[in-house]
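Okay, structure first, notes after.
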Amino acid sequence: MPILECRELSKHFGSVQALDEVSLTLEAGRVIGLLGPNGSGKTTLLKLANGLLTPTGGEILIDGLAPGKETKRIVSYLPDRPYLAEWMKVSQLLDLFEDFYDDFDRDRAIEMLLRLNIDEEMRIKEMSKGTREKAQLILVMSRKAKLYLLDEPIGGVDPATRDYILETIIRNYNPEAAVVISTHLIADVEQVLDDVVFINQGKIMLQASVDSIREEHGMSVDQYFREVFRC
Amino acid sequence: MLGKLIKQEFRATARIMLPVSGAVLVLALLANLSIRGLSGNMSNVPALRMLLAFIVFAYGAAIVAAAVMAMVIMINRFYRNLLKDEGYLMFTLPVSVHELVWAKLIVSLVWFLVTGLLIALVCSATALNISHTSLAEVFREMPSWSEIRDALKELGVYNGLIGLTMQGILVILLSILALCLHFYAAMSLGHMFSKEKILLSIVFFVVISFAFSMMQTGISIAGFEAIDRLHPVLDSQNGIHDFMMLAWIFIGMKLIQSAVLYFATVLSLKRGLNLE
């Protein structure tokens, strides 16, 4: 059974069509890049998968189920913005994740926090933007989820942190799980991807493995993306 | 999972409500000492007199602040925790929307009750202090419960008054729930839209207020007319009976109001959630 499946999935906001009859199947055990320019529908697709939006048409299934309480147990989601309460300490957030997610591995989170010199007694509001992003990613990647949905995980951080984040993603994910990384910074994530999905103006333009793009077109995913989305 | 949500909610609200309640208690103690000071011979020193008067003023302000804070916390927790960025975490927890709303409702209800009881307690203490009555005197003067009960039974209103008290508690609880849900529903409906979310929340608040006050007025008039026809002449017996009937009508209205607002809130969050 695919871990994520969209059947003619549509979402519009008033007159704006964010997703237009998208059909897509993602299998477990792969790292998938959801690639597209700004405003292409990447975030909308991930929000629909998390039940944060309701489809206007079609359906989206996670492990065969419509988004709900059951699917939220197996999906670990990193939104594209700071979403942790500013007054909370890291230790309180560890409690919260441990309380609600059965698959949360506190020891793994503590180990990563130590490695990145993030003090458990630090409050979110005391952190720099980059540290907040790291803390969020540590919480999300410390779950042993079946599907990781990471929206712009490397958006606003320096290159060294970027490398650490990608390393964290690869090192921590369970081989039976699927990781979806949504981004427009393709060159940075290309090294970790197995498959790519190109999305533009709410439509899927391409779904292929990274190897097949390199073999068939003789160029990197980044180069091919620039070719497809040439302005 | 509801228990865990309530625990988190208390953690988030207690960090503000406990210091506020503590400040009220400390200021109540200081203000009551100041009141004694002002009425004693210390009142001859102008600077001290001003300081004591300032403490009494701060005490009054703290009481108002505590009541306002319970209200602000109720609105702000729902808004920030569910409808702004923190909503990305809350709505991806493996919990139902019902549980999210109930956790907020229960914790707000508790803080309203705690604040209300605290204010009642400190105000009673101040009243006793001003009238120079000690607590021992109050208990000495007060008739025993059995005396009160016998007197009420003699008048034939004992059972009625017990019933009315129960109704009173129900009215307080339901009124608090309806107040919270009024804000929750207006905010949830307003945040279904992509733009002008706050403005639309205010519009929904006003529309809901108008609709329910029309309903309340209509039902109250009908209730009074029915009672008038039933008992054109009032005595203590049917007076209590009529009052209880009116209270049941009010409870029924608050129940309907709360149920409608609750489902409006849950449906908007389930079907129309639109986080920025």
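Net charge near A:Ile3: determine it from the other residues with C-beta under 10 Å of the C-beta of A:Ile3, scoring Lys and Arg +1 and Asp and Glu -1.
Every neighbour counted, the sum reads -2.
Which whole-number percent is the relative contact order of chain B (Cα, under 8 Å, 6+ apart)?
Values: 232 pairs, mean separation 61.2, N = 276.
About 22 percent, as a whole number.
Taking springs between alpha-carbon atoms closer than 10 angstrom, which of B:Leu261, B:Leu173, B:Leu128 fluctuates most in the Gaussian network model of chain B?
B:Leu128
Across the residues of B:175-183, average count of Cβ atoms on other protein chains within 10 Å? The partial results should precede the final answer.
On the way: counts 0, 0, 0, 0, 0, 0, 0, 0, 0.
The mean count of partner-chain Cβ atoms within 10 Å per residue comes to 0.
If the reach is capped at under 18 angstrom between alpha carbons, list the lysines near A:Lys69, excluding any in the same chain fewer than eight residues apart.
Answer for A:Lys69, where 18 Å is the Cα cut-off: A:Lys47, A:Lys144, A:Lys146, B:Lys4, B:Lys270, listed by chain and number.
Select from the range B:156-256 those trypsin sites (Lys or Arg not before Pro) which occupy a DSSP coil region and have at most 16 other Cβ atoms within 10 Å, ordered by residue number. Before the final figure, lay out each step's value.
Values: sites: B:Lys195, B:Lys197, B:Arg229, B:Lys254; in loops: B:Lys195.
Answer by residue number: B:Lys195.
What residues have an amide H closer than 5 Å to that of A:Asn200, excluding those fewer than 5 places away on the same chain, when H is modeled at 1.01 Å from N in the peptide plane?
So A:Asn200 has HN proximity to A:Met205.
Which angle between 0 and 90 degrees, to the nearest 10, do you get for helix A:129-141 versus the longest principal axis of chain A when only C-alpha atoms count?
Approximately 80 degrees, to the nearest ten.
Which value, in nm² and rounded to one decimal, describes the direction-averaged projected area of the C-alpha convex hull of the range A:4-228?
Numbers: hull surface 48.8 nm².
Approximately 12.2 nm², given one-decimal rounding.
Counting Lys +1, Arg +1, Asp -1, Glu -1, what net charge surrounds A:Leu185 among other residues with beta carbon under 11 Å of its beta carbon?
Values: positive: A:Arg162; negative: A:Glu152, A:Asp188, A:Glu190, A:Asp222.
In short, -3.
All other residues with a Cβ under 10 Å from the Cβ of B:Leu93 taken together, and with Lys, Arg as +1 and Asp, Glu as -1, what is their net charge? Don't skip to the end; give the middle numbers.
Details: positive: A:Lys69, A:Lys72, A:Arg73, B:Lys4; negative: A:Asp99, B:Glu99.
The answer is +2.
Based only on other Cβ atoms within 10 Å, what is the fewest-to-most ordering of B:Lys104, B:Lys7, A:Lys146?
Working: B:Lys104 24, B:Lys7 15, A:Lys146 20.
Ascending number of Cβ neighbours within 10 Å: B:Lys7, A:Lys146, B:Lys104.
Relative contact order for the range B:143-276: what is it in percent, counting Cα pairs under 8 Å that are at least 6 residues apart? Could the numbers behind the result be given before it?
Details: 107 pairs, mean separation 54.0, N = 134.
Reported as a whole number, the value is 40 percent.
Please grab the % of Cα pairs in the protein assembly as shown that end up more than 41 Å from each other. Before the final figure, lay out each step's value.
Numbers: 50460 of 128271 pairs.
It works out to 39 percent of all Cα pairs.
Just for the protein assembly as shown, what percent of DSSP beta bridges are antiparallel, to the closest 5? If you can, show how the numbers build up before the last one.
Working: 21 of 39 bridges.
Roughly 55 percent of the beta bridges in the protein assembly as shown run antiparallel, per DSSP.
Relative contact order for chain A: what percent, with Cα pairs under 8 Å and sequence separation of 6 or more? Please list the in-between numbers first.
Values: 430 pairs, mean separation 62.3, N = 231.
Relative contact order for chain A comes out at 27 percent.
Cα gyration tensor of chain B, axes a ≥ b ≥ c as square roots of the eigenvalues: rounded (a/c below 1.5), prolate (a/b > b/c) or oblate? If you can, show how the numbers build up before the last one.
Values: a/c = 2.24, a/b = 1.18, b/c = 1.90.
Since a/c reaches 1.5 but b/c is at least a/b, the shape of chain B is classed as oblate.
Among the lysines, which have Cα under 18 Å from the Cα of A:Lys125 when same-chain residues fewer than 8 positions away are ignored?
Partners within reach: A:Lys89, A:Lys134, B:Lys84.
Once each part is reduced to its C-alpha centroid, what is the distance from the range B:1-69 to the range B:207-233 in angstrom?
40
Enumerate the calculated ³J(HN,Hα) couplings along the range B:190-207 in order (Karplus 6.51 cos²θ - 1.76 cosθ + 1.60, θ = phi - 60°), each rounded to whole Hz, writing x wherever the residue is Gly or Pro.
x, 8, 6, 8, 7, 10, 6, 4, 6, 4, 5, 4, 5, 4, 4, 4, 5, 4
Readers should treat all values here as calculations from the given coordinates under stated rules, not as data from a laboratory. Keep in mind that what you see is a predicted model, and the values were worked out from it rather than measured. Cβ sites come from the backbone with ideal geometry, for glycine too, and all protein chains shown count toward neighbours.
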